[in-house]
1. So is Gln169 over 19 Å from Glu416 (Cβ atoms), open to solvent by 20 Å² or more (accessible area, probe 1.4 Å) and without any contact (Cβ under 8 Å) to a residue 24 or more places away in the chain or not?
2. Which of the residues spanning the range 310-340 are among the aliphatic types (A, V, I, L, M), in contact with a Phe, Trp or Tyr (Cβ under 8 Å, 6 or more places away or on another chain) and part of a loop (DSSP other than H, G, I, E, B)?
3. Which residues, taken from the range 232-265, are assigned to a loop (DSSP other than H, G, I, E, B) and either outside the structural domain of Leu64 (by the TED database) or in contact with a strand residue (DSSP E or B) (Cβ under 6 Å, 6 or more places away or on another chain) (or both)?
4. For the structure I just gave you, tell me whether Arg231 is open to solvent by 10 Å² or more (accessible area, probe 1.4 Å), farther than 26 Å from Thr214 by Cβ and among the basic types (Lys, Arg).
5. Quick check on the range 153-166. Is at least one of its residues in the same structural domain as Lys96 (by the TED database) and in contact with a Ser or Thr (Cβ under 8 Å, 6 or more places away or on another chain)?
6. Take the conditions in contact with a Cys (Cβ under 8 Å, 6 or more places away or on another chain), assigned by the TED database to the domain that holds Phe269, touching a residue at least 24 places away in the same chain (Cβ under 8 Å) and on the phi < 0 side of the Ramachandran plot and apply them to Pro337. Does it pass?
7. I'm told Ala50 meets every condition in (1) open to solvent by less than 30 Å² (accessible area, probe 1.4 Å); (2) of a type outside the set (Ser, Thr, Tyr); (3) touching a residue at least 40 places away in the same chain (Cβ under 8 Å) except one. Can you identify the failing condition by its number?
Amino acid sequence: MPSLSSAADHIQDLGAYVSASPSSFHAVHEAGRRLTAAGFVRLDEREEWAAAAGSYYLIRDGALIAWVVPESAGPTTAFNILGAHTDSPSFKLKPKPTTGAFGWLQAGVEVYGGPLLNSWLDRELQLAGRLVLRDGTEHLTATGPMLRFPQLAIHLDRAVNEGLTLDKQRHMNPVWGLGDARDTDLLAVLAARVEGGGVDPAEIGGYDVVIADTQEPAVFGGNSEFFASGRLDNLSATHAGLAALIAHAGNPQGPGSADTRPIAILAAFDHEEIGSNSRSGACGPILEDVLVRISDGLGATVSQRRQALSASFCVSADAGHAVHPNYAERHDPANHPLLNGGPLLKINANQRYATDATGAAFWAGLCAAAGVPYQEFVSNNVMPCGSTIGPLTATRLGIRTVDVGVPLLSMHSARELCGVDDPWRLAVVTERFFKTAI
C-alpha cells in the first residue's frame with residue numbers, strides 16, 4: 001500500500017484494488033489482505049475480543065469493519081467512522097444458471113441494483129463471487145473474461161440509434177459458449193476456477209456470484225487527468241478509507257491532546273445498491289455490534305457508551321455526480337461540480353443525504369486543515385435524488401453524519417469516470433478525520 005503523498009501513486013493503487021475486487025467478497029478479502037500486511041489483527045465475531053489498544057478488523061460476508069484503538073482510549077472515547085460500500089450495480093447469477101438456445105450457452109442472471117444496461121453491451125465480462133459448499137466452507141471464484149451481452153446488429157434494428165430499449169429478461173442474458181445447455185454446467189466452470197484450486201461442483205450448496213467488467217482501469221486525457229474503471233461507485237471510497245486507515249495506524253499522532261484522540265473506524269458495508277437491508281448492510285447491526293463490543297472492552301457503562309456516541313461522527317463516503325457537459329440542464333443551475341475539483345459535500349433538503357449545517361462546517365474545517373478543496377453538490381429540483389448509507393447510519397445510531405464522495409461521470413455504467421486527483425484527496429482528508437476529535 002503506497003503512502004498518501006502522491007495522487008499518481010494513489011490512483012494506480014486504486015486501479016489495482018478495483019482489479020482485485022470483481023465482487024464485494026473479493027473487495028473485503030483484498031482489503032483484509034492489505035490490513036493484515038499492515039499489522040492489523042483479524043477478529044472472529046464468535047470469539048472474545050481483547051480490550052487492548054491496537055489495530056483490528058473483521059469480515060462479515062461482503063462487509064468489512066476495521067478500526068484503530070489509541071492507547072489513550074477510555075469508556076467515553078468517541079468513534080470517527082468513515083462509511084462506504086463494497087457492492088456495485090451489476091447482474092447476479094440466478095438458480096439453475098445454465099441456459100441457452102439455438103446452440104448458444106447463456107447464463108441466467110438477475111439485475112442487481114440499477115446498472116446502466118446499455119453500458120454492459122459488447123464487453124468481455126467475468127463471473128465472480130463466492131461458492132459455499134455443503135460443509136459450510138466458502139471459496140472465492142473468478143472466471144476472467146468469459147461472457148458477453150451481444151448487441152443486435154444495426155442491420156436488424158434500423159431504428160436503434162433513435163432509441164434503444166432493453167428488456168431485462170429477454171435481452172440481458174449473456175452468452176458464454178457454444179453447445180447444449182442440457183449437457184453443460186456453468187457451476188462446474190465456477191468450481192474449477194476457485195482460488196487456490198478447484199472444488200467439486202456437486203458439493204456446491206449455494207452461491208453469490210455477480211458479473212463484472214474485465215477491462216483494466218486506465219488513466220487518460222489530454223493531460224492524463226481522467227481515470228476510467230468499473231466499480232468506482234463505490235470502491236473509490238472504500239479504497240480511500242482503507243488507505244487512510246492504514247496510514248493513520250502507522251502514524252496515529254494528530255491535532256489536540258492524546259487523551260482526546262478518537263477511535264478510527266472504516267465501515268465498508270455490502271448491499272447499498274439494493275437498499276442496505278441485510279446482515280452486512282448499513283441497515284443491519286454490523287456496525288453497532290462492533291461499536292458495542294469495542295465499548296464493552298473499554299469498560300463502558302450504557303451511559304458512557306451513549307456519551308461516546310454523542311461525541312462521535314460519521315463521514316458517509318459515496319460517489320456523486322459531476323456536471324455533464326452534454327446534459328447540463330439535468331443539474332442544479334448554480335452548482336456544477338467538476339472532476340479534479342475536490343471531493344463533494346452532498347446536500348439534500350429531504351435528508352436523502354445526512355449533511356446538516358454542523359456537519360458541513362466540520363467538513364469545511366477538515367478540508368481546510370488537510371489542504372484539500374471540496375465542492376458542494378445538490379440535485380436539480382426536478383431530478384430525484386439518490387441516497388447513501390449516511391441517513392441510515394445517522395438514524396440507527398444517532399451519530400452526526402455528513403455525506404461526501406468522489407465526483408463521477410457515467411455513474412452506474414460498467415465503466416465509470418473520475419478525476420485522477422479526487423480519490424487521493426478524499427483519502428488525505430479522511431486520514432485527517434481519523435485523527436480529529438469533534
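The values are calculated or read from the model by the stated rules, or taken from the named source; none is laboratory data. All values reported here derive from a predicted model rather than from experimental measurement. Positions of Cβ are generated from backbone atoms using ideal geometry, with glycine treated the same way; all protein chains shown enter the neighbour counts. For accessibility, only protein heavy atoms count, side chains too; no ligands or nucleic acids. Shrake-Rupley method; radii C 1.70, N 1.55, O 1.52, S 1.80 Å.
1. Working: over 19 Å from Glu416 (Cβ atoms): yes; open to solvent by 20 Å² or more (accessible area, probe 1.4 Å): yes; without any contact (Cβ under 8 Å) to a residue 24 or more places away in the chain: yes.
Answer is yes for this residue.
2. Narrowing the range 310-340 to residues among the aliphatic types (A, V, I, L, M): 311, 315, 317, 319, 322-323, 328, 334, 338-339.
After this cut, where a residue has to be in contact with a Phe, Trp or Tyr (Cβ under 8 Å, 6 or more places away or on another chain) as well, the list is 315, 339.
Leu339 - this is the single residue of the range 310-340 that is among the aliphatic types (A, V, I, L, M), in contact with a Phe, Trp or Tyr (Cβ under 8 Å, 6 or more places away or on another chain) and part of a loop (DSSP other than H, G, I, E, B).
3. Matches in the range 232-265: Pro262 only.
4. Values: open to solvent by 10 Å² or more (accessible area, probe 1.4 Å): yes; farther than 26 Å from Thr214 by Cβ: no; among the basic types (Lys, Arg): yes.
No: the conditions fail for Arg231.
5. Of the residues in the range 153-166, the ones in the same structural domain as Lys96 (by the TED database) are 153-166.
Okay, now just the ones that are also in contact with a Ser or Thr (Cβ under 8 Å, 6 or more places away or on another chain), so none.
Within the range 153-166, not a single residue is in the same structural domain as Lys96 (by the TED database) and in contact with a Ser or Thr (Cβ under 8 Å, 6 or more places away or on another chain).
6. Judged against the criteria, Pro337 is not a match.
7. (1)
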